[in-house]
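Here is the structure we will look at, set down as structure tokens.
Please treat every number below as a calculation from the coordinates, not as lab data. Note that the coordinates shown come from a computational prediction; the quantities given were computed from them, not determined experimentally. We place every Cβ from the backbone using ideal geometry, glycine too, and count neighbours over all the protein chains shown.
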């Protein structure tokens, strides 16, 4: 009976139509980063599957519309994925898939992960680097956006820089008010769409409360969901 039930569960899971993949393996932070990414992915109207080195099969990308990398340690994500899976994700985006990255997920998109030696996905031209030297410090960042000043949770995230030619191929969605450096952007890679941010619009309320930070303009989860919708062409 147990074997029958196990087989039924496996068949049922394989029959589910997952149209979004959320990285939940090494490098994803343990403080609800994966849960937060899953939450906003569902807000975007998608059915996410959490993938790890143990359950990730590149064949899953065939039915996916978007890949989401949450916050955490981008170098660890790069190592855990390995060259073959990084290439599979790169091809997925190039062939029309979407990619969304929050904080560490943003670092992962450039050719090198931030200022490290670790390989990134190379789906965003230009460079990523830590916004502040104190990478782990938590703060509320004022951002300049097309809709005006917005406030996001920040914890060690990047800023992005581009040369003149590269800048022509991106749409800047937000800049850090203090330095005017790029925080959020949209771009394309092949036929796919990429939407990334150094801050955490997917942040749950308890992150703010835990750090005694006031969420001045309320939850930014709808912004995170909009990033996912755009990248997924939904």
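Before moving on, here are some points about what is shown:
- Helices (runs of 4 or more DSSP H) wholly inside the range 161-234 that include at least 2 residues being in contact with a helix residue (DSSP H, G or I) (Cβ under 8 Å, 6 or more places away or on another chain): 221-231
- Residue in the range 80-94 that is touching a residue at least 12 places away in the same chain (Cβ under 8 Å), in a loop (DSSP other than H, G, I, E, B) and surrounded by fewer than 16 Cβ atoms within 10 Å (Cβ to Cβ) present: no
- Residue in the range 43-56 that is in contact (Cβ under 8 Å) with a residue 40 or more places away in the chain and crowded, with 18+ Cβ neighbours inside 10 Å present: yes
- Residue match in the range 95-109 (condition: without any contact (Cβ under 8 Å) to a residue 40 or more places away in the chain and either part of a strand (DSSP E or B) or surrounded by fewer than 24 Cβ atoms within 10 Å (Cβ to Cβ) (or both)): no
- Restricting attention to the range 113-131 and to residues that are over 15 Å from the mean Cα position of the chain (by Cα) and part of a loop (DSSP other than H, G, I, E, B), the residue that is surrounded by the most Cβ atoms within 10 Å (Cβ to Cβ) turns out to be 131.
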